[in-house]
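Inspection log for the structure reproduced underneath, given as structure tokens.
The values are calculated or read from the model by the stated rules, or taken from the named source; none is laboratory data. From a predicted model like this one, the values you see are computed outputs, not experimental measurements. Glycine also receives a Cβ, built like all others from the backbone with ideal geometry; neighbour counts cover every protein chain displayed. Protein only, heavy atoms only, side chains kept; ligands, DNA and RNA dropped before computing areas. Shrake-Rupley method; radii C 1.70, N 1.55, O 1.52, S 1.80 Å.
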Amino acid sequence: MLFIMALWGIMIAVANPVGDFPLIDDWAYAESVRALLYEHRLVISDWSAMNLLTQVVWGWFFSLLMEPSFTVLRMSVLVLGLLGVLTAFKLSREAGVPLSLALLGAVLLMVNPVYFTMSNTFMTDVPFFAFSVMSLLFLARAVHRDRTQDIVAGTVLLVLALLVRQLGFAIAIAYALAYMAGRRLSINAITRATLPLLVCLLVQLLYRTWLDAHHQLPAMHGYQIDQIRRAFSLSLLDFVTVFELNVFKTLLSFALFLLPLILLVFFYLNKKIDTVTTCLLVIGTLLLYYSLRLAGMQLFPLQSYLEGAFGFGGNILSAFGVGPSLQYGAVGYFPEYRIAVGYCWFLIGLLIVFATGLMLHFLLTAVCGLWGSRHQISKIWFCEQAEDMRKIRLYILFGATALIYCVPTFLLPTLYDRYLLLPMLAASFLMQLKVAVTTDLSRSRVAVVILMTVFGAIITSLATHDYLAWNRVRWAALDDLVKRQGVAPERIDGGFEFNGMTLFSKDHLKPRPKGWWVVDNEYLIAFSPMYFSIVKGYKVEASYPVEAYLPFSPQHIHVLHRK
């Protein structure tokens, strides 16, 4: 655990999350914290589609101790991010995973660019994840040991997760299924199995009633649920297409972020790989890659604008780094790096598709293994203390959590990579449970896994630093424009966060023709002035250098003024 905390501290030091500026949607959540701190009342922003309560109280506590700045709010989430990683490591060890493999799983979570980037914001993704995995730790103990204190602790933590995001229900349902596995039906067993679910239902009902009674129900509350409902009004072909594409997107995302673990499991299950097997794997990877391309999955395209890193608009991970720019018409990537970055992603893409095939192979092997062992499983099904039964319940807990969580999200028209942190962790646990020991692997194979993980840690830290750096400079430029020059915010398109903080209106929950809440884009904040100078009639008012580490990160922030 000391190694995990040390690595987390090093990555934070490299990223440098200091700066009183918002990122993505957290300007809206910070308003709720400040209302609780200064006005002593709970106000949920109309921009929030989630419950948000736990996160507001968490941020309020840190703000009470220090100050309600965005730096402090980011620090509060970084604490939860570390707790999430430590708990994931502890959960792996509780499940009987070897120490080295449990450490790899925790480090892969830590160096995941989506997880680390979101830990440096006040967004809901990491707080929900952290409380969810802490709940899973106690509920994983409860499904086998059946101790009341574990059920109570898991339920309390699950309620805290639910009061960040409503998808906490997935864990409650998965726990009920896992708890009842191998247990005879009785009032006591059903009560203990359904307690977390019943408590979550009651809490959600009471919270919704309180919001209605105090006229605090946000305009965006339940927005994703409405999107899922609309999916059922689609034609059957469109419905299947949306679902199928989101499944592929999820598999590719898992393959990218869990690549070292997938390779380690593959090495463990295949101690010797002959030439014929190698050739078949290479041919199969190429065929799968080009089959997906022919099917319309724009994987790793070599084009002028690479939206998303691997074929879907990732939202956090992009081909050129991390973090969305969220600036309407004000993003200009750099032509000299487009082809080079495109070919890098092409090579990474082949690895990802290969890893995706391996995951499907693991799944098929697991299903076949369960079917082949059905008679043995039936013999031990009601042996509650049997080690095999313990593992079966863990498979059900993690597998059902991922499945129940993912099925509704697969119906969303836009599936963001940051939505997949919890099911990705569940997939990681399921793969870790396949490995009994790691000491019999060759040094060369272990070295490959370690080098890939170290590379991920370096790139994630540097990319997060650059994302924070250009946002820090952007807000300095906006401060100069508004405070020093006296330009009204209504005359500026300063990007999503600036527009949201200064111009948000619940009457405009979709972008206007000029962008999110933009009244007049007389002034623009841009990475590159070229397009706007030539096509849109803007001139460069000022330029601010960005201290970026990666060569393809934004090097300048430009303030553009319409001629």
Can you tell me which residue is farthest from Leu363 (Cα to Cα) among those in the stretch 387-416 that are hydroxyl-bearing (Ser, Thr, Tyr) and open to solvent by 50 Å² or more (accessible area, probe 1.4 Å)?
Thr414
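Would you call Glu31 free of Cβ contacts under 8 Å to residues at least 12 places away in the same chain and of a type outside the set (A, V, I, L, M)?
Values: free of Cβ contacts under 8 Å to residues at least 12 places away in the same chain: no; of a type outside the set (A, V, I, L, M): yes.
Judged against the criteria, Glu31 is not a match.
Conditions tested, residue by residue: (1) touching a helix residue (DSSP H, G or I) at 6+ places or on another chain (Cβ under 7 Å); (2) among the β-branched types (Val, Ile, Thr); (3) modelled with pLDDT of 75 or more.
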site: Val353; (1), (2), (3): yes, yes, yes
site: Gly357; (1), (2), (3): yes, no, yes
site: Leu360; (1), (2), (3): no, no, yes
site: Val367; (1), (2), (3): no, yes, yes
site: Ser373; (1), (2), (3): no, no, no
site: Lys379; (1), (2), (3): no, no, no
Of everything in the stretch 122-158, what is surrounded by fewer than 24 Cβ atoms within 10 Å (Cβ to Cβ), under 20 Å from the mean Cα position of the chain (by Cα) and free of Cβ contacts under 8 Å to residues at least 60 places away in the same chain? Give them in sequence order.
Leu137
Restricting attention to the stretch 515-563, and to residues there that are aromatic (Phe, Trp, Tyr) and assigned to a loop (DSSP other than H, G, I, E, B), which single residue is most open to solvent (accessible area, probe 1.4 Å)?
Tyr549
Conditions (1) of a type in the set (A, V, I, L, M); (2) buried (at least 24 other Cβ atoms within 10 Å of the Cβ); (3) closer than 26 Å to Arg390 by Cβ; number of the one not met by Ala95
(2)
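So, in the stretch 173-193, of the ones that are open to solvent by 60 Å² or more (accessible area, probe 1.4 Å), more than 28 Å from the chain's Cα centre (by Cα) and over 16 Å from Arg147 (Cα atoms), which residue ends up modelled with the highest pLDDT? Talk me through it step by step, then tell me what you get.
In the first step, residues of the stretch 173-193 are kept if they are open to solvent by 60 Å² or more (accessible area, probe 1.4 Å); the result is 173, 177, 184-185, 187-188, 190-191.
Right, trim to more than 28 Å from the chain's Cα centre (by Cα) and you get 184-185, 187-188, 190-191.
Of the ones still in play, those that are also over 16 Å from Arg147 (Cα atoms) are 184-185, 187.
Working: Arg184: 84, Leu185: 86, Ile187: 92.
Restricting to residues being open to solvent by 60 Å² or more (accessible area, probe 1.4 Å), more than 28 Å from the chain's Cα centre (by Cα) and over 16 Å from Arg147 (Cα atoms), the top hit is Ile187.
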For the stretch 1-28, how many residues are in contact (Cβ under 8 Å) with a residue 40 or more places away in the chain, open to solvent by 60 Å² or more (accessible area, probe 1.4 Å) and part of a helix (DSSP H, G or I)?
3
What do you reckon, is Val240 buried (at least 17 other Cβ atoms within 10 Å of the Cβ), within 26 Å of the chain's Cα centre (by Cα) and free of Cβ contacts under 8 Å to residues at least 60 places away in the same chain?
no
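Name the single residue, out of those in the stretch 526-563 being of a type in the set (S, T, N, Q) and at pLDDT below 90, that is nearest to the chain's Cα centre (by Cα).
Ser553
Table: residues versus (1) aromatic (Phe, Trp, Tyr); (2) at pLDDT below 90; (3) more than 30 Å from Leu101 (Cβ to Cβ); (4) within 27 Å of the chain's Cα centre (by Cα).
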position: Leu195; (1), (2), (3), (4): no, no, yes, no
position: Arg208; (1), (2), (3), (4): no, no, yes, yes
position: His214; (1), (2), (3), (4): no, yes, yes, no
position: Ala219; (1), (2), (3), (4): no, yes, yes, yes
position: Lys272; (1), (2), (3), (4): no, yes, no, no
